[in-house]
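Here is the structure we will look at.
The values are calculated or read from the model by the stated rules, or taken from the named source; none is laboratory data. Since this is a predicted model, take the numbers as computed values, not measurements. Note: ideal-geometry Cβ built from the backbone for every residue, glycine included; neighbour counts use all protein chains shown. Remember, those area values only see protein heavy atoms, side chains included, never the ligands or the DNA or RNA. Shrake-Rupley method; radii C 1.70, N 1.55, O 1.52, S 1.80 Å.
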Amino acid sequence: VLILAATVLASEKTYRLRGTIAANDVLGDVSELATRAEAVVNGGEHRAFIQKDGSFVVENLTLGDWLLEVASADYAFPKIHVHIATSEEGRASVAARYVQIGTEWSEDAPVLAYPLKIEASAKYDFFTPRQGFSIVAMFSNPYMLMVGASLAAIFIMPKLQANLDPETLKELQNKDE
């Protein structure tokens, strides 16, 4: 029984998924992407390296539905739902559609041309420039506000006590004792 199951699994036909990463206004030169990105299917079940010309080939895919992603640390790419099916003549057909994560895979979206041509949708920007010195930002800091209130109390309180009439000053001194 084990040999029969292994034979059935080994005889299941597999297919290739071909595509290219195309240059656009976000990603000007595809060759800079090649060493830091890869095509990933179903979160890592299948992987393919992206060549210097932007092409990739994912091997050993079976009939069914797959999620294709381009994993890159520098650029964001759209996710693609790939459906591989065979016709009555036995020819394989690929229907690929853009998909939003968290939504159902819909047959209503337009089918992409095969081999796939994927363009970067955005460039990741992980670093922000350091802010320069700003006197307004310094004095809006809560610690500076507390220091300012303390200094105001130190310098203004003696002036307020000097303006008090002598009777009220004696009452305050007697209260403290």
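Points to keep in mind about this one:
- Just one of the listed residues (E32, E59) is in contact with a strand residue (DSSP E or B) (Cβ under 8 Å, 6 or more places away or on another chain) and either surrounded by 13 or more Cβ atoms within 10 Å (Cβ to Cβ) or modelled with pLDDT of 90 or more (or both), namely E59.
- The lone exception for D74 - which of (1) surrounded by 12 or more Cβ atoms within 10 Å (Cβ to Cβ); (2) more than 17 Å from the chain's Cα centre (by Cα) it fails: (2)
- Test: residue in segment 114-126 that is at pLDDT 85 or above, touching a strand residue (DSSP E or B) at 6+ places or on another chain (Cβ under 8 Å) and more than 27 Å from G54 (Cα to Cα): no
- Among residues of segment 50-74 that are touching a residue at least 40 places away in the same chain (Cβ under 8 Å), those with a beta-carbon under 9 Å from a residue that is in a strand (DSSP E or B) and of a type in the set (S, T, N, Q) at least six positions away or on a different chain give the pairs L63/T86.
- L151 being free of Cβ contacts under 8 Å to residues at least 24 places away in the same chain and part of a helix (DSSP H, G or I): yes
- Residue in segment 38-46 that is outside any helix (DSSP H, G or I) and in contact with a helix residue (DSSP H, G or I) (Cβ under 9 Å, 6 or more places away or on another chain) present: no
- Taken residue by residue, segment 155-162 has no member that is under 30 Å from F56 (Cα atoms), loosely packed, with under 10 Cβ neighbours inside 10 Å and modelled with pLDDT of 80 or more.
- Qualifying residue in segment 83-106 (condition: aromatic (F, W, Y), under 31 Å from the mean Cα position of the chain (by Cα), open to solvent by less than 100 Å² (accessible area, probe 1.4 Å) and modelled with pLDDT of 85 or more): no
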